[in-house]
1. Within the range 207-222, track down each residue that is exposed (fewer than 13 other Cβ atoms within 10 Å of the Cβ) and either part of a strand (DSSP E or B) or in contact (Cβ under 8 Å) with a residue 40 or more places away in the chain (or both).
2. Kindly establish whether ARG161 is more than 18 Å from GLU267 (Cα to Cα), basic (Lys, Arg) and either open to solvent by 40 Å² or more (accessible area, probe 1.4 Å) or at pLDDT 90 or above (or both).
3. Taking VAL126, is it within 27 Å of GLU47 (Cα to Cα) and either touching a helix residue (DSSP H, G or I) at 6+ places or on another chain (Cβ under 7 Å) or not acidic (Asp, Glu) (or both)?
4. Would you mind stating whether LEU92 is among the aliphatic types (A, V, I, L, M) and touching a Leu at 6+ places or on another chain (Cβ under 7 Å)?
5. Name the residues in the range 120-147 that are at pLDDT 95 or above and of a type in the set (Val, Ile, Thr), would you?
6. Say we look at the range 104-142 and pick out the residues that are open to solvent by 70 Å² or more (accessible area, probe 1.4 Å) and part of a loop (DSSP other than H, G, I, E, B); which of these is farthest from ILE175 (Cα to Cα)?
7. Output yes when any residue across the range 274-294 is at pLDDT 65 or above, among the basic types (Lys, Arg) and within 29 Å of GLU47 (Cα to Cα), and no when none is.
8. I'd like the full set of residues that are within 14 Å of the chain's Cα centre (by Cα) and either farther than 15 Å from VAL64 by Cα or open to solvent by 20 Å² or more (accessible area, probe 1.4 Å) (or both), limited to the range 164-188.
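The values are calculated or read from the model by the stated rules, or taken from the named source; none is laboratory data. Quick caveat, the model's predicted, so the values are computed rather than measured. Quick reminder, even Gly has a Cβ in these numbers, built from the backbone with ideal geometry, and neighbours come from all protein chains shown. Side chains included, ligands, DNA and RNA excluded: accessible areas come from the protein's heavy atoms. Shrake-Rupley method; radii C 1.70, N 1.55, O 1.52, S 1.80 Å.
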Amino acid sequence: MNDGVYRTRSLGVGATGLPDQYADGKAATVWNIYVGSTRARTKLYKESVCEFLRSHGCHNVLDVACGTGVDSIMLLEEGFQVTSIDASDKMLKYAQKTRWARRREEAFDKWVIEEGNWLTLLEAEVEFPKDGFDAVVCLGNSFAHLPDFDGSHSQQKLALRNFCDALKPGGILLIDHRNYDAIIDTGLAPAGANIYYTSPFVDNIKTSVLRVDGQPSMVTLDYNLLVPSNLLKRKRFGDTSATNSGDEDDTKVASHFRLSYYPHRLESFKSLIAESFGHEFASNKVLGDFQEMSDAATPAYYVHVVQKSEGKATPKAKRVKIA
């Protein structure tokens with residue numbers, strides 16, 4: 001048996017505590033290259049996210065999966081007030097570089113970026129609005145990074161409960177995951193356009209499904225990119241103006257990183273959300289690739305628009321004011 005197939009992260013990264021799969025810096029270095037042109041995401045992804053937030057009257061947004069800042073930057077440019085957290089300091093440093101490069105813009109000058117853990121979210125070093133955020137966003141298949149060590153989904157429930165507590169009454173959680181039903185059943189990600197990631201430099205993505213006692217417990221994706229050397233060099237040195245065209249140099253450099261995910265099936269994830277929100281659960285509208293389910297034959301991603309019930313604000317845990 002090839003043990004390498006079942007490693008949950010790149011070699012040399014500690015596995016204690018909550019795993020930071022980006023700690024070795026490999027994925028962080030090329031993540032924006034893998035995302036591709038932000039303009040190519042605009043038509044469906046950006047317009048859909050912003051439309052959902054605006055239709056619910058959202059302005060103050062907590063991005064709990066900031067990463068390199070792709071979604072937070074998009075929201076800032078669209079006029080939202082954004083607070084961003086992520087568990088990976090390697091990813092956050094790219095968001096912080098962008099904030100510094102654009103610090104003369106008021107929205108970016110006020111952009112709050114902090115390292116934070118979903119399991120202790122309410123203790124993060126950020127200022128929470130008195131009644132909670134208008135919206136919490138957790139996009140890009142980020143939630144699936146959280147493992148289920150004992151089969152009880154206890155950590156997922158705690159994280160979702162914290163997302164709920166961070167919301168104001170009537171606020172919304174925008175959260176997604178890959179179509180793991182299709183991946184588990186076929187061993188492959190659904191074919192077709194990826195609305196999130198549009199890079200022209202993806203060579204291939206290898207998919208592995210690990211089963212324990214016959215049950216799927218982990219999906220591992222091996223990402224293989226062929227990146228123009230000049231583009232890779234600029235990204236490594238934090239050139240926030242670098243594009244993904246790669247026209248300056250035809251020399252391609254192979255870049256590989258591995259990420260592992262807990263494979264949430266659609267129906268079980270819907271139940272998990274409802275259980276975690278408890279009596280404060282109001283509704284959950286599920287979309288396929290940001291389209292109505294009837295219009296998305298076999299979506300690559302499921303998107304959940306979860307609304308917290310109206311009513312009295314949930315008593316919050318520790319609130320830390322930023323000086």
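1. ARG211, VAL212, GLN215
2. Working: more than 18 Å from GLU267 (Cα to Cα): yes; basic (Lys, Arg): yes; either open to solvent by 40 Å² or more (accessible area, probe 1.4 Å) or at pLDDT 90 or above (or both): yes.
The answer is yes for ARG161.
3. Answer is no for this residue.
4. In short, no.
5. Within the range 120-147, VAL136, VAL137 meet the criteria.
6. Only one residue tops the list, namely ARG104.
7. Checking the range 274-294: at least one residue is at pLDDT 65 or above, among the basic types (Lys, Arg) and within 29 Å of GLU47 (Cα to Cα).
8. Across the range 164-188, the qualifying residue is only ARG178.
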